[in-house]
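Single-structure report; data block below.
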Amino acid sequence: MHDKGSGLLIEKSLLEHARRWIHGLFEGLRDVDEETRRQLLQGVGKYCASVKAVPVAKRLVKEEPDIYQRFERLRETVLFPKFRVEKEDEWSTLHVEYSAEEEPCICPLVQYGVIDVHPFMCECTRGWIQTTFEALLEHPVTVKLEETVCQGADTCRFTVRRVN
């Protein structure tokens, strides 16, 4: 039987192990061609979104026929960073952004100190945004990474466009 103190030590040990493992993975990905690395990391982001954000988005689709109300409810429910719609009559482009002053990264692994920010994570976020908005909008989208804090900017900005 473990006491509470040993459980906390195991938890800290596992978090440190996860930190080292992810750092090692990122180092190994440096040797992979850029397109493969992009696909792998976007796949991780898509999977991550499918666990929590996609079920929320699908619920919002059922509850809210108005797309702009879905946007508002997504902001409230997922605590999503700022996003704005470029064309109001029928959305065509969204701009998703957040600054390092608010959070170092949208990723909970960074927010909770499990891992440090890393430029490779931006592709993971890109996959997460794509999957989340495709579920919310029930339509394919593309996501362009404009700039990110991990890559030296003051703000993370992504552009989401409807695929016609």
For Ile106, Ile10, Ile129, what's the fewest-to-most ordering of other Cβ within 10 Å of each Cβ?
Ile10, Ile106, Ile129
Percent RCO, i.e. relative contact order, over the chain, from Cα pairs under 8 Å lying at least 6 residues apart
26
Anyone know which of Glu123, Glu147, Glu35 comes out most mobile in the 10 Å Cα GNM of the chain?
Glu35
Fewest to most neighbouring Cβ within 10 Å: what's the order for Leu74, Leu9, Leu137, Leu25?
Leu9, Leu25, Leu137, Leu74
The equivalent-ellipsoid semi-axes of the chain, taken as the square roots of five times the Cα gyration tensor eigenvalues and listed largest first in whole Å, are 30, 20, 15
Once fully extended, how much extra length lies between Ser13 and Glu35, figured as 0.36 nm per residue of separation less the alpha-carbon to alpha-carbon distance?
4.6 nm
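Any read-out appearing in this document is the output of simple, stated calculations on the displayed coordinates, not a laboratory observation. Note that the structure is predicted; figures quoted are calculated from it, not measured. Cβ: placed from backbone, ideal geometry, glycine included. Neighbour counts: every protein chain shown.
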